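Asks: Can you keep this structure in mind? I'll have questions shortly.
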Amino acid sequence: MKLKEGFVLRDVCGEQVIMGEGIGALDFGRLLCLNETAAFLWKKAGEQGDFSADSLTDALCAEYDVAHEQAIVDVNAIVDEWKKVGVVE
């Protein structure tokens, strides 16, 4: 998977949000608010380029004190949401 071009993470009034820029904004038309963990994963996905739920799980476990089993569940939920709203491909 990879993040779709045209979507960026921005700080808006203290909230981390994904928004579309350019062509991405035409079909998206909304902001997706992220908590601290989801914003961390978005940044890691961008750094990795071609990422997987497993690679993001590893990054999450390396950064936070979280059990691997719980990290898998959390990462899959976030990635599923990103797929649902169309910000990853």
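Read-outs: derived from the displayed coordinates by stated rules, not from any lab. Computed from a prediction, not measured in an experiment: that's the story for all the values here. All Cβ positions, even for glycine, are placed from backbone atoms using ideal geometry, and neighbour counts span all protein chains on display.
Asks: Around THR57, under 13 Å between beta carbons, what's the net of Lys plus Arg minus Asp minus Glu among the other residues?
Replies: -4
Asks: Relative to the longest principal axis of the C-alpha atoms of the chain, give the angle of the C-alpha long axis of helix 53-63, reported between 0 and 90° and rounded to the nearest 10°.
Replies: Helix 53-63 sits at roughly 70 degrees to that axis.
Asks: Principal axis lengths of region 18-89 from Cα atoms, whole Å, largest first?
Replies: 39, 20, 17
Asks: Sticking with this structure for a sec: Output the 0 to 90 degree angle, nearest 10, between the alpha-carbon long axis of helix 36-48 and the longest principal axis computed from the alpha carbons of the chain.
Replies: Roughly 80 degrees, rounded to the nearest 10.
Asks: Now for a different question. By how many degrees, between 0 and 90 and to the nearest 10, does the Cα long axis of helix 68-85 differ from the longest principal axis of the chain?
Replies: 10
Asks: Counting other Cβ atoms within 10 Å of each Cβ, which trypsin sites (Lys or Arg not before Pro) in region 15-89 have at most 13 and sit in a DSSP loop?
Replies: Those satisfying the criteria are ARG30.
Asks: Expected output is a single nm value to one decimal: the length gained when fully extending between VAL73 and VAL8, i.e. 0.36 nm times separation in residues minus the C-alpha distance. What is it?
Replies: On the way: separation 65, 0.36 × 65 = 23.40 nm, distance 2.43 nm.
Between VAL73 and VAL8, full extension yields an extra 21.0 nm.
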